[in-house]
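Below is one structure, written out as C-alpha coordinates; comments come after it.
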Amino acid sequence: MAIVTVNEDVCKGCGLCVDACPKKIMALDSSRINKKGYHTASCIRMEECIGCAFCAIMCPDVAITVEK
Amino acid sequence: MAVVFAKTKMLCEKPFHYCPGCTHGIIHRLVAEALDELGIGETAIGVAPVGCAVFAYDYFACDMMEAAHGRAPAVATGIKRVCPDKAVFTYQGDGDLASIGTAEIIHAATRGEKITTIFVNNAIYGMTGGQMAPTTLPGQVTTTSPYGRDTSHCGWPVKVSEMLSTLTGPAYIARVSVHDVPNIKKAKAAIKKAFQLQMEGKGFTLVEVLSTCPTNWGKTPQEALMWVKESMIPAYPLGVFKDVTAQPATPEGGAQ
Ligand SMILES: Cc1ncc(C[n+]2csc(CCOP(=O)(O)OP(=O)(O)O)c2C)c(N)n1
Ligand code: SF4
Ligand code: SF4
Ligand code: SF4
(Lines give C-alpha, C1' and ligand atoms only; values in the text may rest on other atoms or scores of the structure.)
(Ligands and ions follow the chains in the order given, each with its own letter.)
Protein backbone atom coordinates (compact mmCIF):
# COMPACT_ATOMS: atom_id res chain seq x y z
CA MET A 1 0.00 0.00 0.00
CA ALA A 2 1.04 3.57 -0.60
CA ILE A 3 0.01 6.79 1.11
CA VAL A 4 -1.28 9.75 -0.84
CA THR A 5 -1.57 13.06 1.01
CA VAL A 6 -3.31 16.09 -0.46
CA ASN A 7 -2.39 19.54 0.88
CA GLU A 8 -5.99 20.73 1.23
CA ASP A 9 -5.08 24.39 1.58
CA VAL A 10 -3.59 24.57 -1.93
CA CYS A 11 -5.87 22.12 -3.77
CA LYS A 12 -8.11 23.94 -6.26
CA GLY A 13 -10.47 21.05 -6.98
CA CYS A 14 -9.56 20.96 -10.67
CA GLY A 15 -9.97 17.18 -10.80
CA LEU A 16 -6.94 16.50 -12.99
CA CYS A 17 -5.62 14.00 -10.41
CA VAL A 18 -8.96 12.19 -10.51
CA ASP A 19 -8.66 11.56 -14.26
CA ALA A 20 -4.95 10.71 -14.07
CA CYS A 21 -5.28 7.94 -11.48
CA PRO A 22 -5.16 4.50 -13.15
CA LYS A 23 -6.93 2.90 -10.18
CA LYS A 24 -9.74 5.52 -10.19
CA ILE A 25 -9.38 6.07 -6.45
CA MET A 26 -8.93 9.86 -6.38
CA ALA A 27 -12.14 11.85 -5.96
CA LEU A 28 -13.34 15.36 -5.26
CA ASP A 29 -15.28 15.55 -2.02
CA SER A 30 -18.39 17.68 -2.56
CA SER A 31 -19.13 17.61 1.16
CA ARG A 32 -15.87 19.41 2.00
CA ILE A 33 -14.73 22.88 1.15
CA ASN A 34 -11.33 24.46 1.78
CA LYS A 35 -10.67 28.05 2.77
CA LYS A 36 -10.47 29.12 -0.87
CA GLY A 37 -13.90 27.62 -1.50
CA TYR A 38 -12.86 24.57 -3.50
CA HIS A 39 -14.05 20.98 -3.13
CA THR A 40 -10.76 19.24 -2.47
CA ALA A 41 -9.43 15.95 -3.77
CA SER A 42 -8.47 12.93 -1.73
CA CYS A 43 -7.72 9.25 -2.14
CA ILE A 44 -10.88 7.33 -1.28
CA ARG A 45 -9.49 3.76 -1.25
CA MET A 46 -5.92 4.05 -0.06
CA GLU A 47 -5.52 0.26 0.19
CA GLU A 48 -5.77 0.06 -3.63
CA CYS A 49 -3.12 2.72 -4.26
CA ILE A 50 -0.08 1.47 -6.18
CA GLY A 51 2.05 4.54 -5.48
CA CYS A 52 2.50 5.39 -9.16
CA ALA A 53 2.28 9.15 -8.39
CA PHE A 54 0.36 9.87 -11.61
CA CYS A 55 -2.01 12.02 -9.52
CA ALA A 56 0.92 14.07 -8.19
CA ILE A 57 2.60 14.42 -11.59
CA MET A 58 -0.64 15.79 -13.07
CA CYS A 59 -1.47 18.17 -10.19
CA PRO A 60 -0.87 21.76 -11.38
CA ASP A 61 -0.66 22.99 -7.79
CA VAL A 62 1.87 20.43 -6.57
CA ALA A 63 -0.57 19.61 -3.77
CA ILE A 64 0.05 15.85 -3.60
CA THR A 65 2.71 13.86 -1.77
CA VAL A 66 3.09 10.12 -2.39
CA GLU A 67 4.87 7.63 -0.12
CA LYS A 68 5.33 3.93 -0.67
CA MET B 1 8.15 4.17 3.71
CA ALA B 2 9.97 6.11 1.05
CA VAL B 3 8.83 9.35 -0.50
CA VAL B 4 7.87 8.67 -4.13
CA PHE B 5 6.79 12.22 -4.90
CA ALA B 6 7.06 15.46 -2.93
CA LYS B 7 7.22 19.14 -3.83
CA THR B 8 10.74 20.08 -4.89
CA LYS B 9 12.72 22.45 -2.68
CA MET B 10 13.30 24.65 -5.75
CA LEU B 11 9.66 25.78 -5.45
CA CYS B 12 8.72 28.15 -2.62
CA GLU B 13 5.93 27.44 -0.16
CA LYS B 14 3.71 30.14 -1.66
CA PRO B 15 0.68 28.63 -3.46
CA PHE B 16 0.36 29.41 -7.18
CA HIS B 17 -2.24 32.03 -8.12
CA TYR B 18 -3.09 30.27 -11.39
CA CYS B 19 -6.67 29.26 -12.21
CA PRO B 20 -7.77 25.71 -11.28
CA GLY B 21 -6.33 23.20 -13.77
CA CYS B 22 -4.03 25.72 -15.52
CA THR B 23 -0.89 23.87 -16.59
CA HIS B 24 1.42 26.82 -15.88
CA GLY B 25 1.82 25.11 -12.47
CA ILE B 26 3.00 21.81 -13.98
CA ILE B 27 5.57 23.68 -16.10
CA HIS B 28 6.84 25.60 -13.05
CA ARG B 29 7.37 22.31 -11.26
CA LEU B 30 9.26 20.76 -14.17
CA VAL B 31 11.62 23.74 -14.43
CA ALA B 32 12.22 23.70 -10.67
CA GLU B 33 12.88 19.95 -10.58
CA ALA B 34 15.22 20.16 -13.58
CA LEU B 35 17.29 22.89 -11.88
CA ASP B 36 17.41 20.88 -8.67
CA GLU B 37 18.34 17.58 -10.31
CA LEU B 38 21.14 19.19 -12.31
CA GLY B 39 22.50 20.80 -9.13
CA ILE B 40 22.30 24.31 -10.61
CA GLY B 41 19.25 25.54 -8.69
CA GLU B 42 21.01 27.34 -5.83
CA THR B 43 22.72 29.81 -8.14
CA ALA B 44 20.21 29.91 -11.03
CA ILE B 45 18.69 33.22 -12.08
CA GLY B 46 15.28 33.36 -13.73
CA VAL B 47 13.56 36.15 -15.60
CA ALA B 48 9.78 36.44 -15.26
CA PRO B 49 7.52 37.76 -18.04
CA VAL B 50 4.48 39.96 -18.23
CA GLY B 51 1.49 37.65 -18.48
CA CYS B 52 -0.12 35.21 -16.08
CA ALA B 53 3.36 34.06 -15.00
CA VAL B 54 4.28 37.58 -13.89
CA PHE B 55 4.54 36.38 -10.28
CA ALA B 56 6.94 33.56 -11.18
CA TYR B 57 9.50 35.43 -9.08
CA ASP B 58 7.49 34.46 -5.99
CA TYR B 59 7.48 30.77 -6.84
CA PHE B 60 11.01 29.75 -7.80
CA ALA B 61 13.46 29.36 -4.92
CA CYS B 62 16.27 31.07 -6.80
CA ASP B 63 17.09 34.65 -7.72
CA MET B 64 14.52 36.10 -10.11
CA MET B 65 14.22 39.31 -12.09
CA GLU B 66 11.07 40.82 -13.61
CA ALA B 67 11.38 42.07 -17.18
CA ALA B 68 9.26 44.53 -19.13
CA HIS B 69 6.76 42.85 -21.49
CA GLY B 70 8.63 40.67 -24.01
CA ARG B 71 12.07 41.83 -22.91
CA ALA B 72 13.03 38.80 -20.80
CA PRO B 73 15.61 37.51 -23.35
CA ALA B 74 17.35 40.92 -23.36
CA VAL B 75 17.41 41.03 -19.55
CA ALA B 76 18.65 37.42 -19.43
CA THR B 77 21.38 38.30 -21.93
CA GLY B 78 22.72 40.94 -19.57
CA ILE B 79 22.54 38.65 -16.55
CA LYS B 80 24.27 35.76 -18.33
CA ARG B 81 27.08 37.93 -19.65
CA VAL B 82 27.79 39.22 -16.13
CA CYS B 83 27.36 35.77 -14.55
CA PRO B 84 28.47 33.33 -17.26
CA ASP B 85 28.74 30.40 -14.82
CA LYS B 86 25.13 30.55 -13.64
CA ALA B 87 22.07 28.93 -15.16
CA VAL B 88 19.94 31.75 -16.57
CA PHE B 89 16.42 31.21 -17.85
CA THR B 90 13.41 33.13 -19.09
CA TYR B 91 9.83 31.94 -18.59
CA GLN B 92 7.53 33.53 -21.18
CA GLY B 93 4.02 33.24 -22.55
CA ASP B 94 3.14 33.41 -26.23
CA GLY B 95 1.83 36.97 -25.99
CA ASP B 96 5.06 37.98 -24.28
CA LEU B 97 7.47 36.05 -26.53
CA ALA B 98 5.76 35.79 -29.92
CA SER B 99 4.09 39.21 -30.07
CA ILE B 100 5.59 42.20 -28.25
CA GLY B 101 8.87 40.32 -27.62
CA THR B 102 9.45 38.88 -31.11
CA ALA B 103 12.57 40.96 -31.75
CA GLU B 104 14.17 40.09 -28.41
CA ILE B 105 13.75 36.33 -28.75
CA ILE B 106 14.95 36.19 -32.36
CA HIS B 107 18.08 38.21 -31.63
CA ALA B 108 18.90 36.38 -28.40
CA ALA B 109 18.56 33.11 -30.33
CA THR B 110 20.66 34.20 -33.29
CA ARG B 111 23.36 35.61 -31.01
CA GLY B 112 23.51 32.17 -29.45
CA GLU B 113 23.01 33.58 -25.96
CA LYS B 114 23.72 30.80 -23.49
CA ILE B 115 20.35 30.99 -21.79
CA THR B 116 17.30 28.72 -21.61
CA THR B 117 13.87 29.98 -22.59
CA ILE B 118 10.77 28.19 -21.38
CA PHE B 119 8.11 29.25 -23.88
CA VAL B 120 4.57 28.58 -22.64
CA ASN B 121 2.26 28.45 -25.67
CA ASN B 122 -1.41 28.51 -24.67
CA ALA B 123 -2.64 30.08 -27.92
CA ILE B 124 -4.15 33.10 -26.15
CA TYR B 125 -3.46 36.14 -23.96
CA GLY B 126 -4.45 34.70 -20.60
CA MET B 127 -3.74 37.50 -18.15
CA THR B 128 -5.59 40.24 -20.00
CA GLY B 129 -8.81 38.31 -20.55
CA GLY B 130 -8.39 36.02 -23.53
CA GLN B 131 -7.51 38.13 -26.57
CA MET B 132 -6.19 36.58 -29.80
CA ALA B 133 -2.44 35.87 -29.75
CA PRO B 134 -0.12 35.35 -32.73
CA THR B 135 -0.32 31.66 -31.77
CA THR B 136 -4.15 31.47 -31.75
CA LEU B 137 -5.35 28.67 -34.04
CA PRO B 138 -7.32 29.40 -37.23
CA GLY B 139 -11.01 29.43 -36.28
CA GLN B 140 -10.27 29.71 -32.55
CA VAL B 141 -12.75 31.92 -30.70
CA THR B 142 -11.21 34.57 -28.46
CA THR B 143 -12.55 37.88 -27.12
CA THR B 144 -11.02 39.71 -30.10
CA SER B 145 -11.95 37.01 -32.63
CA PRO B 146 -15.52 36.24 -31.51
CA TYR B 147 -16.30 34.47 -34.82
CA GLY B 148 -13.01 32.55 -34.74
CA ARG B 149 -9.59 33.61 -36.05
CA ASP B 150 -10.14 34.49 -39.70
CA THR B 151 -6.90 33.87 -41.57
CA SER B 152 -7.99 36.15 -44.44
CA HIS B 153 -7.28 39.17 -42.28
CA CYS B 154 -5.59 37.77 -39.12
CA GLY B 155 -3.08 35.48 -40.81
CA TRP B 156 -1.79 32.19 -39.43
CA PRO B 157 -0.23 31.01 -36.15
CA VAL B 158 3.45 31.79 -35.60
CA LYS B 159 5.46 28.58 -35.25
CA VAL B 160 8.20 29.79 -32.96
CA SER B 161 10.17 26.54 -32.62
CA GLU B 162 10.27 25.88 -36.37
CA MET B 163 11.21 29.50 -37.08
CA LEU B 164 14.03 29.74 -34.53
CA SER B 165 15.47 26.38 -35.53
CA THR B 166 16.44 27.88 -38.92
CA LEU B 167 19.01 30.04 -37.09
CA THR B 168 22.60 29.01 -36.38
CA GLY B 169 22.75 30.35 -32.78
CA PRO B 170 20.38 27.90 -31.08
CA ALA B 171 21.83 24.66 -29.70
CA TYR B 172 18.55 23.03 -28.73
CA ILE B 173 14.92 23.70 -29.63
CA ALA B 174 12.08 21.34 -28.76
CA ARG B 175 8.30 21.44 -28.51
CA VAL B 176 6.63 19.38 -25.79
CA SER B 177 3.23 19.13 -24.14
CA VAL B 178 1.97 18.55 -20.59
CA HIS B 179 -1.52 17.21 -21.32
CA ASP B 180 -0.85 13.76 -19.81
CA VAL B 181 1.69 11.92 -17.65
CA PRO B 182 3.88 10.45 -20.45
CA ASN B 183 4.13 13.86 -22.11
CA ILE B 184 4.91 15.55 -18.79
CA LYS B 185 7.84 13.14 -18.39
CA LYS B 186 9.09 13.93 -21.90
CA ALA B 187 8.70 17.65 -21.22
CA LYS B 188 10.87 17.36 -18.14
CA ALA B 189 13.58 15.51 -20.07
CA ALA B 190 13.60 18.25 -22.73
CA ILE B 191 13.84 21.03 -20.11
CA LYS B 192 16.71 19.20 -18.41
CA LYS B 193 18.52 18.76 -21.69
CA ALA B 194 18.14 22.47 -22.50
CA PHE B 195 19.67 23.48 -19.16
CA GLN B 196 22.43 20.91 -19.57
CA LEU B 197 23.44 22.28 -22.98
CA GLN B 198 23.30 25.82 -21.62
CA MET B 199 25.75 24.86 -18.87
CA GLU B 200 28.02 23.19 -21.45
CA GLY B 201 28.08 26.53 -23.30
CA LYS B 202 26.60 25.07 -26.47
CA GLY B 203 24.36 28.04 -27.29
CA PHE B 204 20.78 29.27 -27.02
CA THR B 205 18.20 26.73 -25.83
CA LEU B 206 14.40 26.89 -25.91
CA VAL B 207 11.65 24.50 -24.92
CA GLU B 208 8.18 25.37 -26.18
CA VAL B 209 5.53 23.83 -23.91
CA LEU B 210 1.93 23.55 -25.11
CA SER B 211 -0.17 24.65 -22.15
CA THR B 212 -3.82 25.18 -21.24
CA CYS B 213 -5.90 28.24 -20.41
CA PRO B 214 -9.17 26.66 -19.27
CA THR B 215 -10.52 30.01 -18.10
CA ASN B 216 -10.17 31.93 -21.35
CA TRP B 217 -10.72 28.94 -23.62
CA GLY B 218 -14.09 28.52 -21.86
CA LYS B 219 -13.37 24.88 -21.08
CA THR B 220 -13.13 22.67 -18.03
CA PRO B 221 -9.57 21.68 -17.07
CA GLN B 222 -10.26 18.21 -18.52
CA GLU B 223 -11.67 19.57 -21.80
CA ALA B 224 -8.68 21.90 -22.04
CA LEU B 225 -6.23 18.98 -21.90
CA MET B 226 -8.21 17.25 -24.66
CA TRP B 227 -8.09 20.43 -26.75
CA VAL B 228 -4.30 20.48 -26.48
CA LYS B 229 -4.18 16.89 -27.66
CA GLU B 230 -6.76 17.12 -30.45
CA SER B 231 -6.41 20.69 -31.74
CA MET B 232 -3.09 22.15 -30.66
CA ILE B 233 -0.71 19.25 -31.32
CA PRO B 234 -1.84 18.83 -34.97
CA ALA B 235 -1.11 22.54 -35.50
CA TYR B 236 2.05 22.53 -33.35
CA PRO B 237 3.73 19.14 -33.84
CA LEU B 238 5.82 17.92 -30.93
CA GLY B 239 9.48 17.07 -31.36
CA VAL B 240 13.08 18.23 -31.33
CA PHE B 241 13.65 20.86 -34.01
CA LYS B 242 17.31 21.46 -33.33
CA ASP B 243 19.92 19.63 -31.28
CA VAL B 244 23.59 20.31 -31.98
CA THR B 245 24.54 17.23 -29.94
CA ALA B 246 22.36 14.81 -31.93
CA GLN B 247 24.16 12.01 -33.77
CA PRO B 248 23.81 12.32 -37.54
CA ALA B 249 21.64 9.61 -39.12
CA THR B 250 23.55 6.49 -40.13
CA PRO B 251 23.22 5.14 -43.70
CA GLU B 252 21.19 2.20 -42.31
CA GLY B 253 18.72 4.70 -40.92
CA GLY B 254 19.66 3.73 -37.39
CA ALA B 255 19.58 7.25 -35.98
CA GLN B 256 18.80 7.38 -32.28
C1 LIG C 1 3.81 47.18 -22.82
C2 LIG C 1 2.61 46.37 -22.49
N3 LIG C 1 1.70 46.08 -23.46
C4 LIG C 1 0.61 45.33 -23.17
C5 LIG C 1 0.41 44.86 -21.91
C6 LIG C 1 -0.82 44.03 -21.62
N7 LIG C 1 -0.56 42.62 -21.45
C8 LIG C 1 -0.33 42.08 -20.25
S9 LIG C 1 -0.08 40.42 -20.31
C10 LIG C 1 -0.28 40.41 -21.99
C11 LIG C 1 -0.19 39.12 -22.77
C12 LIG C 1 -0.25 37.89 -21.95
O13 LIG C 1 -0.31 36.73 -22.72
P14 LIG C 1 0.80 35.61 -22.69
O15 LIG C 1 2.16 36.18 -22.81
O16 LIG C 1 0.41 34.62 -23.74
O17 LIG C 1 0.74 34.97 -21.25
P18 LIG C 1 -0.45 34.21 -20.49
O19 LIG C 1 -1.10 35.25 -19.65
O20 LIG C 1 -1.34 33.60 -21.50
O21 LIG C 1 0.26 33.19 -19.67
C22 LIG C 1 -0.54 41.70 -22.47
C23 LIG C 1 -0.79 42.01 -23.88
C24 LIG C 1 1.38 45.18 -20.93
N25 LIG C 1 1.26 44.73 -19.67
N26 LIG C 1 2.45 45.92 -21.23
S1 SF4 D 1 -0.39 7.15 -6.55
FE2 SF4 D 1 -1.28 6.28 -8.45
S3 SF4 D 1 -2.80 4.77 -7.72
FE4 SF4 D 1 -2.28 6.04 -5.95
S5 SF4 D 1 -3.88 7.62 -5.95
FE6 SF4 D 1 -2.12 8.48 -7.09
S7 SF4 D 1 -2.54 7.98 -9.23
FE8 SF4 D 1 -3.89 6.70 -7.99
S1 SF4 E 1 -4.94 17.92 -9.32
FE2 SF4 E 1 -4.19 18.92 -7.46
S3 SF4 E 1 -5.35 20.85 -7.34
FE4 SF4 E 1 -6.41 19.54 -8.83
S5 SF4 E 1 -7.98 18.46 -7.61
FE6 SF4 E 1 -6.17 17.14 -7.64
S7 SF4 E 1 -5.01 17.69 -5.79
FE8 SF4 E 1 -6.49 19.33 -6.15
S1 SF4 F 1 -6.02 33.01 -17.28
FE2 SF4 F 1 -5.46 31.14 -18.38
S3 SF4 F 1 -3.19 31.10 -18.45
FE4 SF4 F 1 -3.83 32.58 -16.87
S5 SF4 F 1 -3.82 31.44 -14.93
FE6 SF4 F 1 -5.92 31.39 -15.75
S7 SF4 F 1 -6.03 29.51 -16.96
FE8 SF4 F 1 -3.83 29.96 -16.62
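The values are calculated or read from the model by the stated rules, or taken from the named source; none is laboratory data. Since the structure is predicted, the reported quantities are computational estimates derived from the model, not experimental observations. Cβ atoms come from the backbone with ideal geometry, glycine included; neighbour counts cover every protein chain shown.
Kindly indicate which of B:Ala72, B:Ala87, B:Ala56, B:Ala68 is modelled with pLDDT of 95 or more, surrounded by fewer than 21 Cβ atoms within 10 Å (Cβ to Cβ) and away from ligand 2 (no atom under 16 Å from the Cβ).
B:Ala68
Out of everything in the range A:10-28 that is at the interface with chain B (Cβ under 7 Å from one of its Cβ atoms) and surrounded by fewer than 20 Cβ atoms within 10 Å (Cβ to Cβ), what residue ends up being farthest from B:Tyr18 (Cα to Cα)? If you could, list the steps in order and put the result at the bottom.
As a first pass, look at the range A:10-28 and keep what is at the interface with chain B (Cβ under 7 Å from one of its Cβ atoms): A:10, A:12-16, A:19-20.
Still in the list and also surrounded by fewer than 20 Cβ atoms within 10 Å (Cβ to Cβ): A:15, A:19.
On the way: A:Gly15: 15, A:Asp19: 20 Å.
Ranking the qualifying residues of the range A:10-28, first place goes to A:Asp19.
So which pairs qualify, if the first residue must be in the range A:47-63 and under 10 Å from A:Cys21 (Cα atoms), the second must be modelled with pLDDT of 95 or more and within 16 Å of ligand 4 (Cβ to nearest atom), the Cβ gap must be under 6 Å, and the two must be at least 6 apart or on different chains?
Note: pairs meeting the criteria are A:Met58/A:Leu16.
Restricting attention to the range B:16-38, report how many residues are more than 8 Å from ligand 4 (Cβ to nearest atom), within 22 Å of B:Lys186 (Cβ to Cβ) and either part of a loop (DSSP other than H, G, I, E, B) or of a type outside the set (A, V, I, L, M, F, W, C) (or both).
Selection size over the range B:16-38: 7.
Cβ-Cβ below 6 Å, separation at least six or inter-chain, first residue in the range B:40-69 and touching a residue at least 24 places away in the same chain (Cβ under 8 Å), second polar (S, T, N, Q): which pairs?
As it stands, the answer is B:Val47/B:Thr90; B:Pro49/B:Gln92, since those pairs meet every condition given.
Before we move on, is B:Val120 away from ligand 2 (no atom under 16 Å from the Cβ), within 14 Å of chain A (Cβ to nearest Cβ) and under 15 Å from the mean Cα position of the chain (by Cα)? Before the answer, list the steps.
Details: away from ligand 2 (no atom under 16 Å from the Cβ): yes; within 14 Å of chain A (Cβ to nearest Cβ): yes; under 15 Å from the mean Cα position of the chain (by Cα): yes.
The answer is yes for B:Val120.
Quick one: would you say B:Ala48 is touching a Lys or Arg at 6+ places or on another chain (Cβ under 9 Å) and more than 16 Å from ligand 2 (Cβ to nearest atom)?
Values: touching a Lys or Arg at 6+ places or on another chain (Cβ under 9 Å): no; more than 16 Å from ligand 2 (Cβ to nearest atom): yes.
So B:Ala48 fails the test.
Considering each residue of the range B:223-237, count those that are touching a helix residue (DSSP H, G or I) at 6+ places or on another chain (Cβ under 8 Å) and charged (D, E, K, R), and give that number.
Residues that pass the stated criteria total 1.
Which pairs have Cβ atoms under 6 Å, sit 6 or more apart or on different chains, and link a residue in the range B:9-23 that is at pLDDT below 95 to one that is charged (D, E, K, R)?
none
Can you go through B:Lys242, B:Lys202, B:Lys229 and tell me which one is of a type in the set (Lys, Arg), touching a His at 6+ places or on another chain (Cβ under 9 Å) and either more than 14 Å from every other protein chain (Cβ to nearest Cβ) or away from ligand 3 (no atom under 16 Å from the Cβ) (or both)?
Details: B:Lys242 fails: touching a His at 6+ places or on another chain (Cβ under 9 Å); B:Lys202 fails: touching a His at 6+ places or on another chain (Cβ under 9 Å).
Sole residue among the options that is of a type in the set (Lys, Arg), touching a His at 6+ places or on another chain (Cβ under 9 Å) and either more than 14 Å from every other protein chain (Cβ to nearest Cβ) or away from ligand 3 (no atom under 16 Å from the Cβ) (or both): B:Lys229.
The rows are residues; the columns are (1) more than 9 Å from every other protein chain (Cβ to nearest Cβ); (2) touching a Gly at 6+ places or on another chain (Cβ under 9 Å); (3) not β-branched (Val, Ile, Thr).
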{"site": "A:Asn7", "(1), (2), (3)": "no, no, yes"}
{"site": "A:Ser31", "(1), (2), (3)": "yes, no, yes"}
{"site": "A:Met58", "(1), (2), (3)": "no, no, yes"}
{"site": "A:Ile64", "(1), (2), (3)": "no, no, no"}
{"site": "A:Lys68", "(1), (2), (3)": "no, yes, yes"}
